Amino acid sequence: MNESKKGDDIVINDVTEKVVDFNKMDESTERTQIYHDDLCDNDIKICLPSRIGFLPAIKSMTDGIKWGWGFTNTPKESSKYYINEILCGCILCLTMLPEMISFSMIANIPPYLGLQGASFLCLITSIFGGSPAVIHGVTGAFASVCSKYLVENQNVDLLPEGIERLYVCIMICSVMLFFFSLFHMSALIQLIPTPVFIGYCNGLSIIFLRAQLHTLKDPHTHEYIKGYYLLFFVIICTLVVIIVELWKKIPKLGHKIPSTLIAITVTIFVEFVILRRFLHNNFDSFKGVKSYTVGDLFSFTSDKAKPTFLFTNKELDFAKVVFDVDLIKQVMNMFVVLLLEVLMVSEVIKDMGGAECDTNETIFSLFIGNFLATLGCAVGGSSLLGLSVLNYRNGARGKESGVVASILIYGILLFGYSLLNYIPLSFLCGIMITVFIHCFKWFSIPIVFFTFCPGYIRNCHPCMSRKISRWDAFIIVLVTVLCVFVSVPTGVFAGIILSALVYVWQSKSTFKFEIFYDKDTDTKYYEIEGHLFYASKRMFTRLFSYEKDSSTVNIVLKGKSTLFDYTAIEALTSVKQQYNLNNRNVTIHGLSHECIKKIAKMNHLCKQIDVDLVKVEAPVVPLLYKPLRTILKTQKTIRRRMSFKKKKKKKKETASDQSADEVEP
């Protein structure tokens, strides 16, 4: 953050903030609010198109194409920036290939559909999106949802049963994403607390790891491998993890050559040279032992690499698709997954120190990308958490890396598809384990563990003293477990609901009161501090002694006490009615302007509330409060005295100047 002083003002990031000394304030000094002109509030407020107009709302969604590039930054980026982005794009391509193949297998769809969808989606979202360095494609949560509705076909050359229904769901979800972006509904991400984010990342990472169990199955018998098959699978997988993690730490060379390229080269050498040639020819016990490849599971061919138009594909029969309740459930489940992933990943990259992003523009780009991918008979997706984190850590800060990665993936599909058949499944598993390592929030394990430990255990060592609220720790565990064993939307929504309940329960504890009695006027005062709403209603209504109180009762709402909802107004009215039944005179003081407006509106809408009984008067308490008139009088007298002193000073200064002028000749 660039900070400098400019006179009495502070300049922070080219934004000038006025420094006001309130001890030296006079009438001419105004207290002004500071607004940041560049602050983007598109993801802070929900904005209806009727306010700004439909065309301006559409234009605001498409503004993502104008920024995030090296040539649009000020000052313009140097050649070093573009070299770094191209290198990050190459690393992304080599990492996306195995990940997209793995997720496609999880979703029970042919890998070429996942790769085509990833290239479409990554290109469109990089151009139109509002999240630089964030990568999109087939995700783990999206794949797990698809697998529930797709039946795996034994003949790998045919499309899975139910793929037509999946295409219809993705197209409906795309239209829903458009309206979600149009209304700037991404502001709802503010309702997701940090414990839910942590639980989401942990749960999704475990889903990635659990999904690798399918790579341990024999492609022909569909049984788990064992013996030497399992031994070499584990060896190659461990080798991949070690290379990917340690290669980056080699100075100079580690950052110039992608670790994924080194890992895939080493694994292919181990598989086809050491295992299938050397050990197979020299040792009888290793004959026939091999690590299965992508080609053993699914063969990439030239006709599969090129995209086909949705309505000209003869394998698809949309007459099978029936619009029913199950289809609506499938659409809603898929829509929530797509939405949560794009919102969550944007927040994760922001927390890592990434550039400010406009999630509404990103959601709009997802609408275009998913729709076009479906028209091309590919499978859509959402934001990739692991690859986005990896891309940001590699140094990518713009959109160029995503464009380069998408072009390279499509180029490999068209011209290098035969090479994909030689990728070992153990390599895919190793890559996904590294994704799991980087996505899982490892710091949450000791924090959650020590939070539930007693105090005498935490005091044993300074490292054990780290502790958060037990409710927050429980929410982290709950969201993680539900994401893994139920579904990602269920886990996230359960965490949000539980966090809201905890907040409401703790908010009612801020409700405080004090009771005073004035013997001279036989008046009782109830001073209320805190928010009055449905959770604090019982505490409020049980506060009063309707039969024993004095003839005059004043209820004073102190500070920023507010009436939050219908329950608060109903509680005030019921208290007033109870006092009237016991012939007591009650007056309510301190209602803010917003509360008065709310009561006035309730008077028209809800006839059962006796809002006419609520009076708003200035408190006249000689012992506790000063009357409002005396306060205003004192303020006026102070101002008059200040202005009188100023006039005196000015007269003295003018007199001294005149005397000085007379003395000079």
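The values are calculated or read from the model by the stated rules, or taken from the named source; none is laboratory data. The structure presented is a predicted model; accordingly, all values stated were derived computationally and were not measured. So basically every Cβ, Gly included, is an ideal-geometry build from the backbone, and we count neighbours across all protein chains shown.
For the list (1) more than 24 Å from GLY117 (Cβ to Cβ); (2) at pLDDT below 80; (3) surrounded by 11 or more Cβ atoms within 10 Å (Cβ to Cβ); (4) more than 34 Å from the chain's Cα centre (by Cα), I need the number of the one condition that HIS255 fails.
(4)
Report, by residue number, each residue of segment 187-213 that is over 30 Å from PRO446 (Cβ atoms) and surrounded by fewer than 16 Cβ atoms within 10 Å (Cβ to Cβ).
First, pick out the residues of segment 187-213 that are over 30 Å from PRO446 (Cβ atoms): 187-188.
Selection gives LEU188 alone.
If a residue has to be under 12 Å from GLU400 (Cα atoms), small (Gly, Ala, Ser) and over 21 Å from the mean Cα position of the chain (by Cα) to count, how many in segment 54-73 make the cut?
1
From MET105, MET100, grab the single residue that is assigned to a helix (DSSP H, G or I), modelled with pLDDT of 85 or more and closer than 22 Å to LEU316 by Cβ.
Result: MET100 is the single residue among MET105, MET100 that is assigned to a helix (DSSP H, G or I), modelled with pLDDT of 85 or more and closer than 22 Å to LEU316 by Cβ.
Is there a residue being closer than 28 Å to LEU246 by Cα, part of a helix (DSSP H, G or I) and either of a type in the set (Lys, Arg) or at pLDDT 85 or above (or both) anywhere in segment 413-420?
Filtering segment 413-420 down to residues closer than 28 Å to LEU246 by Cα leaves 419-420.
Okay, now just the ones that are also part of a helix (DSSP H, G or I), so 419-420.
Okay, now just the ones that are also either of a type in the set (Lys, Arg) or at pLDDT 85 or above (or both), so none.
No; the residues of segment 413-420 include none that is closer than 28 Å to LEU246 by Cα, part of a helix (DSSP H, G or I) and either of a type in the set (Lys, Arg) or at pLDDT 85 or above (or both).
Can you spot a residue in segment 320-340 that is touching a Leu at 6+ places or on another chain (Cβ under 6 Å) and assigned to a helix (DSSP H, G or I)?
Among the residues of segment 320-340, not one is touching a Leu at 6+ places or on another chain (Cβ under 6 Å) and assigned to a helix (DSSP H, G or I), which makes the answer no.
Need the failing condition index for VAL325 against (1) modelled with pLDDT of 80 or more; (2) surrounded by 15 or more Cβ atoms within 10 Å (Cβ to Cβ), just the number.
It is condition (2) that VAL325 fails.
Specify the residue that is surrounded by the fewest Cβ atoms within 10 Å (Cβ to Cβ); the eligible residues are those in segment 292-306 that are among the β-branched types (Val, Ile, Thr) and under 38 Å from the mean Cα position of the chain (by Cα).
Step one: of segment 292-306, the residues among the β-branched types (Val, Ile, Thr) are 293-294, 301.
With the extra rule that they be under 38 Å from the mean Cα position of the chain (by Cα), the set shrinks to 293-294.
Details: THR293: 20, VAL294: 24.
Ranking the candidates gives THR293 first.
What's the number of the condition LYS576 fails, among (1) in contact with a strand residue (DSSP E or B) (Cβ under 7 Å, 6 or more places away or on another chain); (2) among the charged types (D, E, K, R); (3) modelled with pLDDT under 75?
With (1) in contact with a strand residue (DSSP E or B) (Cβ under 7 Å, 6 or more places away or on another chain); (2) among the charged types (D, E, K, R); (3) modelled with pLDDT under 75 applied to LYS576, the lone miss is (3).
Could you tell me whether SER346 is in contact (Cβ under 8 Å) with a residue 12 or more places away in the chain, assigned to a helix (DSSP H, G or I) and in contact with a Ser or Thr (Cβ under 6 Å, 6 or more places away or on another chain)? Quick ask: steps written out before the conclusion?
On the way: in contact (Cβ under 8 Å) with a residue 12 or more places away in the chain: yes; assigned to a helix (DSSP H, G or I): yes; in contact with a Ser or Thr (Cβ under 6 Å, 6 or more places away or on another chain): yes.
Yes.
Against the definition (surrounded by fewer than 17 Cβ atoms within 10 Å (Cβ to Cβ), over 22 Å from LEU413 (Cα atoms) and of a type in the set (Phe, Trp, Tyr)), how does PHE309 come out, yes or no? First the steps, then the outcome.
Details: surrounded by fewer than 17 Cβ atoms within 10 Å (Cβ to Cβ): yes; over 22 Å from LEU413 (Cα atoms): no; of a type in the set (Phe, Trp, Tyr): yes.
Considered against the rule, which asks whether it is surrounded by fewer than 17 Cβ atoms within 10 Å (Cβ to Cβ), over 22 Å from LEU413 (Cα atoms) and of a type in the set (Phe, Trp, Tyr), PHE309 comes out as no.
Could you count how many residues in segment 358-403 are within 23 Å of TYR112 (Cβ to Cβ) and surrounded by fewer than 24 Cβ atoms within 10 Å (Cβ to Cβ)?
8
Looking at segment 365-391, I want the residues that are under 18 Å from VAL403 (Cβ atoms) and part of a helix (DSSP H, G or I) and have a partner that is at pLDDT 90 or above and among the basic types (Lys, Arg) with Cβ atoms under 9 Å, at least 6 apart or on another chain. Which pairs are those?
Note: no pairs meet the criteria.
Only one of GLY137, GLY89, GLY130 is at pLDDT below 85, surrounded by 20 or more Cβ atoms within 10 Å (Cβ to Cβ) and not hydrophobic (A, V, I, L, M, F, W, C); which? Spell out the reasoning first.
Details: GLY137 fails: at pLDDT below 85; GLY89 fails: at pLDDT below 85.
Exactly one residue qualifies, and that residue is GLY130.
Are any of the residues in segment 334-345 assigned by TED's automatic domain parsing to the domain that holds LEU425, over 17 Å from MET176 (Cβ atoms) and surrounded by fewer than 24 Cβ atoms within 10 Å (Cβ to Cβ)? Working first, answer last.
Initially, segment 334-345 is screened for residues assigned by TED's automatic domain parsing to the domain that holds LEU425, giving 334-345.
After this cut, where a residue has to be over 17 Å from MET176 (Cβ atoms) as well, the list is 344-345.
Remaining after also requiring surrounded by fewer than 24 Cβ atoms within 10 Å (Cβ to Cβ): 344.
Looking for residues that are assigned by TED's automatic domain parsing to the domain that holds LEU425, over 17 Å from MET176 (Cβ atoms) and surrounded by fewer than 24 Cβ atoms within 10 Å (Cβ to Cβ), one finds at least one in segment 334-345, hence yes.
Only one residue in VAL244, VAL168, VAL234, VAL138 is more than 25 Å from the chain's Cα centre (by Cα) and in the same structural domain as ASN313 (by TED's automatic domain parsing), so which one is that?
Details: VAL244 fails: in the same structural domain as ASN313 (by TED's automatic domain parsing); VAL234 fails: in the same structural domain as ASN313 (by TED's automatic domain parsing); VAL138 fails: more than 25 Å from the chain's Cα centre (by Cα).
It is VAL168.
Considering (1) part of a helix (DSSP H, G or I); (2) under 23 Å from HIS214 (Cβ atoms); (3) more than 28 Å from the chain's Cα centre (by Cα), say which one MET432 fails and leave the rest.
(3)
So, in segment 435-466, of the ones that are of a type in the set (S, T, N, Q) and farther than 26 Å from ARG393 by Cα, which residue ends up farthest from the chain's Cα centre (by Cα)? Full working, then the answer.
Kept after step one, since they are of a type in the set (S, T, N, Q), are these residues of segment 435-466: 444, 451, 459, 465.
Then keep just the ones that are farther than 26 Å from ARG393 by Cα; that gives 451, 459, 465.
Values: THR451: 25, ASN459: 35, SER465: 29 Å.
Top of the filtered list is ASN459.
Yes/no matrix, rows are residues, columns are (1) at pLDDT 90 or above; (2) surrounded by 14 or more Cβ atoms within 10 Å (Cβ to Cβ):
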| site | (1), (2) |
| --- | --- |
| ALA473 | yes, yes |
| LEU478 | yes, yes |
| LEU498 | yes, yes |
| TRP505 | no, no |
| TYR526 | no, yes |
| PHE533 | no, yes |
